[in-house]
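> Below is the structure I would like to discuss, written out as structure tokens.
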Amino acid sequence: MDFDLSDDQRLLKDSVDRLMAETYGFEQRRAHMAQPDGWSRGSWAQFAELGLLGVTLPEAQGGFGGGLVEAMLVADAFGRSLVVEPYFAHAVLCAGLLRHAAEASVQDEMLPVLAAGESLFAFAHHERAARHCLSHVETTARLGEAGFVLEGRKSLVLHGDCADRLIVSARLSGGMRETNGIALFLVDAAATERRGYATQDGLRAAEITLDGVIAEVVLGLDAWPGLSRAVDEASAFLCAEAVGAMDALLALTVEYMKTRRQFGRAIGEFQVLQHRAVDMQVQLELARSMALYATMMAADPDEETRSRAISAARVQIGRSLRHVSEEAIQLHGGIGMTMEYRAGHYLKRLAMIEKSFGDTEAHLDRLAAMGTAW
Amino acid sequence: MDLSFTAEERAFREELRDIFHTEIPERIRGKLRHGLHASRQDQVEAQRILNARGLAVPNWPVEWGGQDWSPVQHYIWQEELQLACVPHPLSFNCTMVGPVIAQFGSLAQKQRFLARAANLDDWWCQGFSEPNAGSDLASLRTTARRDGDDWVIDGQKTWTTLGQYADWIFVLARTDPAAKKQEGISFLLVDLTTPGITMRPIQTIDGGREVNEVFFDGVRVPGENLVGEVNRGWDYAKFLLGNERTGIARIGITKARVRRIRELAEQEWDGDRRLIDDPGFRRKLASLEVELKALEMTQLRVVAAERQLEKGKPNPMSSVLKIRGSELQQASTALMMDVMGPYVAPFFDEHEIEFGNEPPPGPADAATAAPQYFNMRKVSIYGGSNEIQRAILAKAVLGF
Ligand SMILES: Cc1cc2nc3c(=O)[nH]c(=O)nc-3n(C[C@H](O)[C@H](O)[C@H](O)COP(=O)(O)OP(=O)(O)OC[C@H]3O[C@@H](n4cnc5c(N)ncnc54)[C@H](O)[C@@H]3O)c2cc1C
């Protein structure tokens, strides 16, 4: 085991950190969010230029040639800066889906496009009654004369509002929640009906109606193994993003406690508050460990081994983020309640991470159902 | 000892429930039930209906519109109001400045302000906190300087809740800079249309506008607007904050939210079963209900003890109510988020929720779940933070 970064990884981390320092201050972020798409095309181009959009993709397909550790480094930095660009939807979810669920020829065609960031990809998967069940798919696909015809409604499609292409899950056979019979298709987003909106954490999403839409490309007809793997990898990314956010939030809180004065001294001098900050640190460390664990295990091809590890990480991260973010606001007092201050934005992002791809309870259920054995 | 409500108390409860349900428009109560805010107009309308029935300010002295009720009746009134999702009579008027004026104000002030406050003809806001005086309120720096018969106020207040709706603000200002911290403060009533006052909104993290900064630049206030005696303002503020704390437990509001959680969980499907049939969820809900019941019984003990307490003397047990009440309000908003699952994410502002062409995606009330969770972080911060409450308990109850 080696917890140290390689030289290349360090270089990547430094360049992402530098980019964030230069382009993603609190005010700059606000300006990005004020752009027409709700995020900055300029930042997007910079991500592409640095190779971040294809960070986990092979060089032969226009990628950076990194793996999940590299993705974790990006996630950590983006978590600290609360990045609002469609990175997660495009470069994490959709890159993973293409890698794990699409045929080689499709990968060769699509991955370079994705890595260049020219065409924006989003994953249209969730449906209204799914709650936290990943295999819940009611949207149907049926083979017609011109190809597969898709019928159904997709919901909470992250960055679906401005995506050019959608990766859509649809059912060929089987019951509503069966893992067998789920296929993935590539669809021209313009052929769908979309209702876009902002999310609580300043991202964008859409409700999407597929009303007899014809799929452009078939990614995979037995897509569950690839889909679940891509989503587990995405969960590992969210874990690392949450750790970045928590780390920055704790630092912000401690700094505030050292400067905010009440009763003639810095509030950080009250031992009772020091202990509260220390408990946040404890939660952060546990989360950090489990985010590493998630990164380590997310590539495991055995579904059960992998998802057990991912769920374990998500449970710890879910608990830690709740503790750290709520305490951070409390220790700030009123200032923590305002839009004008960073802390509340971390609270919001962290709360939304907890509800993405299974909440803490759902992951605990998954573990309990498996009968955990390490 | 008899722990049950008497027949009269039960009848009293029925009577109030009936009034709240039939006389306060569903249009207004529905908003609160769905996690939306009452507008200024809603608040005024509801309070005037209550006031016409003598139900807006029962806690005031009878001669100024209050009711000669037992502590249990007051408790029932508050609980039924909250369970029915009636907007609470504006606390700045009814539990803050009104009782202070009634207790310490001049006859002229009582005649001028009290009836108008009860009827919400004047909307009051609270000008206590300052950027550098939060928990340490007594370190406030806003000054009021004597000039002839007038007072001239300079300084800044902050976190002024709903100041944008207000006509008047009650202000703590330093009138004797040489005195010890708590001893040189006075309590002033200020017309917000007075020249020299500016207000700036502060947006809260849920996206709402409920707090403001208020700047005072040479604001001239007639001498008659000082409450009680000069430099005794801290005593009045303590009296006021004691009243604020018991109200802040808001058990009825949490109960109403828990009921709503149950209702929504019965409507929400998870595959082929309802969320309410998920044993894990049921345990969480039951657990919150137990915690709420324990708090409710504690509140009843505090209410019962009020009969024995010297009038107006704060009961340190109210700090227990404040700590636990705020924690459970927060826990209930977190559980509401669990009901919504991923549908906590879409952001729609209240105007869109109420008047948009299409409802926000997901279960009913999904769009207000996360904003409420974010917004309720405030209840452990204001009204004396939970850390300050613990400090009070450590001293007053445990004798440290
Ligand atoms: C939404 C909202 C609405 C409000 N409305 C009003 C209003 O209408 N009018 C008004 O006057 N005020 C209002 N307030 C202000 C509120 O009363 C203050 O926020 C509160 O007093 C805390 O002060 P502060 O925010 O400056 O935090 P600080 O006092 O700076 O506290 C920061 C942290 O330090 C802790 N702390 C401070 N001192 C100690 C200590 N001695 N021991 C242990 N811990 C300590 C606090 O508990 C908190 O966790 C409102 C606040 C909010 C958030």
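> Quick one: A:Phe357 ticks every box in (1) part of a helix (DSSP H, G or I); (2) under 22 Å from B:Met336 (Cα atoms); (3) more than 7 Å from chain B (Cβ to nearest Cβ) except a single one, so which number is it?
(1)
> Search region B:213-236 for residues being surrounded by fewer than 22 Cβ atoms within 10 Å (Cβ to Cβ) and within 17 Å of B:Glu130 (Cβ to Cβ), and hand back the single one that is farthest from the ligand (Cβ to nearest atom).
Ranking the qualifying residues of region B:213-236, first place goes to B:Asp217.
> Among what's in region B:51-85 and is β-branched (Val, Ile, Thr) and within 30 Å of B:Leu172 (Cβ to Cβ), pick the residue that is surrounded by the most Cβ atoms within 10 Å (Cβ to Cβ). Let's see the steps before the verdict.
Looking only at region B:51-85, we keep the residues that are β-branched (Val, Ile, Thr), and these are B:57, B:62, B:72, B:76.
Those left that are additionally within 30 Å of B:Leu172 (Cβ to Cβ): B:57, B:62.
Values: B:Val57: 26, B:Val62: 11.
Ranking the qualifying residues of region B:51-85, first place goes to B:Val57.
> Could you go through region B:114-125 and let me know if any residue there is away from the ligand (no atom under 16 Å from the Cβ) and over 19 Å from B:Asn59 (Cα atoms).
Looking through region B:114-125, none of the residues is away from the ligand (no atom under 16 Å from the Cβ) and over 19 Å from B:Asn59 (Cα atoms).
> Right, next: Among the residues of region B:354-375, how many are more than 10 Å from chain A (Cβ to nearest Cβ), at pLDDT 95 or above and not in a loop (DSSP other than H, G, I, E, B)?
Here the count works out to 3.
> With the condition being small (Gly, Ala, Ser) and open to solvent by 20 Å² or more (accessible area, probe 1.4 Å), I'd like the helices (runs of 4 or more DSSP H) fully within region A:1-90 carrying at least 3 qualifying residues. Step through it out loud before you land on a result.
Details: elements: A:7-23, A:26-33, A:41-49, A:68-81.
Because the criterion is at least 3 residues that are small (Gly, Ala, Ser) and open to solvent by 20 Å² or more (accessible area, probe 1.4 Å), the helices (runs of 4 or more DSSP H) in region A:1-90 that meet it are A:41-49.
> Filter region B:157-199 down to residues that are over 23 Å from B:Ser106 (Cβ atoms), open to solvent by less than 20 Å² (accessible area, probe 1.4 Å) and more than 12 Å from the ligand (Cβ to nearest atom), then give me how many there are.
Residues that pass the stated criteria total 0.
> Right, here's the next one. Output yes when any residue across region B:373-386 is more than 16 Å from the ligand (Cβ to nearest atom) and over 19 Å from A:Gly344 (Cβ atoms), and no when none is. Lay out the reasoning, then the answer.
So the first thing to find is which residues in region B:373-386 are more than 16 Å from the ligand (Cβ to nearest atom), and the list is none.
No; the residues of region B:373-386 include none that is more than 16 Å from the ligand (Cβ to nearest atom) and over 19 Å from A:Gly344 (Cβ atoms).
> Listed residues B:Gly184, B:Gly134; which is over 30 Å from B:Phe348 (Cβ atoms) and within 14 Å of chain A (Cβ to nearest Cβ)?
Answer to the selection: B:Gly134.
> Here's a follow-up. Within region B:115-130, is there a residue that is touching a residue at least 24 places away in the same chain (Cβ under 8 Å), out of contact with any helix residue (DSSP H, G or I) (no Cβ under 9 Å at 6 or more places or on another chain) and in a loop (DSSP other than H, G, I, E, B)?
There is no residue in region B:115-130 that is touching a residue at least 24 places away in the same chain (Cβ under 8 Å), out of contact with any helix residue (DSSP H, G or I) (no Cβ under 9 Å at 6 or more places or on another chain) and in a loop (DSSP other than H, G, I, E, B).
> Taking the conditions exactly as written (within 19 Å of the chain's Cα centre (by Cα), open to solvent by less than 40 Å² (accessible area, probe 1.4 Å) and either within 14 Å of chain A (Cβ to nearest Cβ) or small (Gly, Ala, Ser) (or both)), does B:Thr95 satisfy them or not?
So B:Thr95 does not fit the description; no.
> Quickly run through region B:9-67 and pick out the residues that are among the β-branched types (Val, Ile, Thr) and assigned to a helix (DSSP H, G or I). Break it down into steps so the answer makes sense when it comes.
Taking region B:9-67 first, the residues among the β-branched types (Val, Ile, Thr) are B:19, B:22, B:24, B:28, B:44, B:49, B:57, B:62.
Within region B:9-67, B:Ile19, B:Thr22, B:Ile28, B:Val44, B:Ile49, B:Val62 qualify.
> Also: Pairs, please: C-beta under 6 Å, at least 6 apart or cross-chain, first residue touching a residue at least 24 places away in the same chain (Cβ under 8 Å) and in region B:285-303, second assigned to a helix (DSSP H, G or I) and surrounded by fewer than 16 Cβ atoms within 10 Å (Cβ to Cβ)?
B:Val303/B:Pro71
> Can you tell me which residue in region B:202-223 is nearest to B:Gln372 (Cα to Cα), limited to those that are more than 8 Å from every other protein chain (Cβ to nearest Cβ) and in a loop (DSSP other than H, G, I, E, B)?
B:Asp206
> Can you tell me which of (1) closer than 30 Å to B:Leu264 by Cα; (2) in a loop (DSSP other than H, G, I, E, B) is the one B:Leu81 doesn't meet?
(2)
> So, restricting to strands (runs of 3 or more DSSP E) that lie completely within region A:162-220, which ones have at least 1 residues that are among the aliphatic types (A, V, I, L, M) and within 14 Å of chain B (Cβ to nearest Cβ)?
The qualifying strands (runs of 3 or more DSSP E) are A:193-199, A:204-214.
> Checking A:Val106 against (1) surrounded by fewer than 21 Cβ atoms within 10 Å (Cβ to Cβ); (2) within 30 Å of A:Arg342 (Cβ to Cβ); (3) among the aliphatic types (A, V, I, L, M), which single condition isn't satisfied?
That leaves (2) as the condition not met.
> Cβ-Cβ under 6 Å, sequence separation 6+ or interchain: first residue in region A:249-271 and within 14 Å of chain B (Cβ to nearest Cβ), partner near the ligand (Cβ under 8 Å from one of its atoms) and small (Gly, Ala, Ser). Which pairs?
Hits for this filter: A:Gln262/B:Ser135.
> Return the only residue of A:Gln330, A:Gln316, A:Gln283 being over 19 Å from the mean Cα position of the chain (by Cα) and more than 16 Å from the ligand (Cβ to nearest atom).
Numbers: A:Gln330 fails: more than 16 Å from the ligand (Cβ to nearest atom); A:Gln316 fails: over 19 Å from the mean Cα position of the chain (by Cα).
Exactly one residue qualifies, and that residue is A:Gln283.
> Six or more apart or on different chains, Cβ under 7 Å: which pairs go from a residue in region A:62-82 that's within 14 Å of A:Arg18 (Cα to Cα) to one that's part of a loop (DSSP other than H, G, I, E, B)? Could you list them?
Taking only residues 6 or more apart or on different chains, the pairs are A:Val74/A:Val55; A:Ser81/A:Tyr24.
> Filter region A:341-353 down to residues that are in a helix (DSSP H, G or I) and open to solvent by 20 Å² or more (accessible area, probe 1.4 Å) and give me whichever is nearest to A:Ser307 (Cα to Cα).
This residue is A:Arg349.
The values are calculated or read from the model by the stated rules, or taken from the named source; none is laboratory data. Source: prediction; values computed, not measured. Positions of Cβ are backbone-derived with ideal geometry, glycine not excepted, and every protein chain shown enters the neighbour counts. When the accessible area is computed, the model is the full protein with side chains, heavy atoms only, and any ligands, DNA or RNA have been set aside. Shrake-Rupley method; radii C 1.70, N 1.55, O 1.52, S 1.80 Å.
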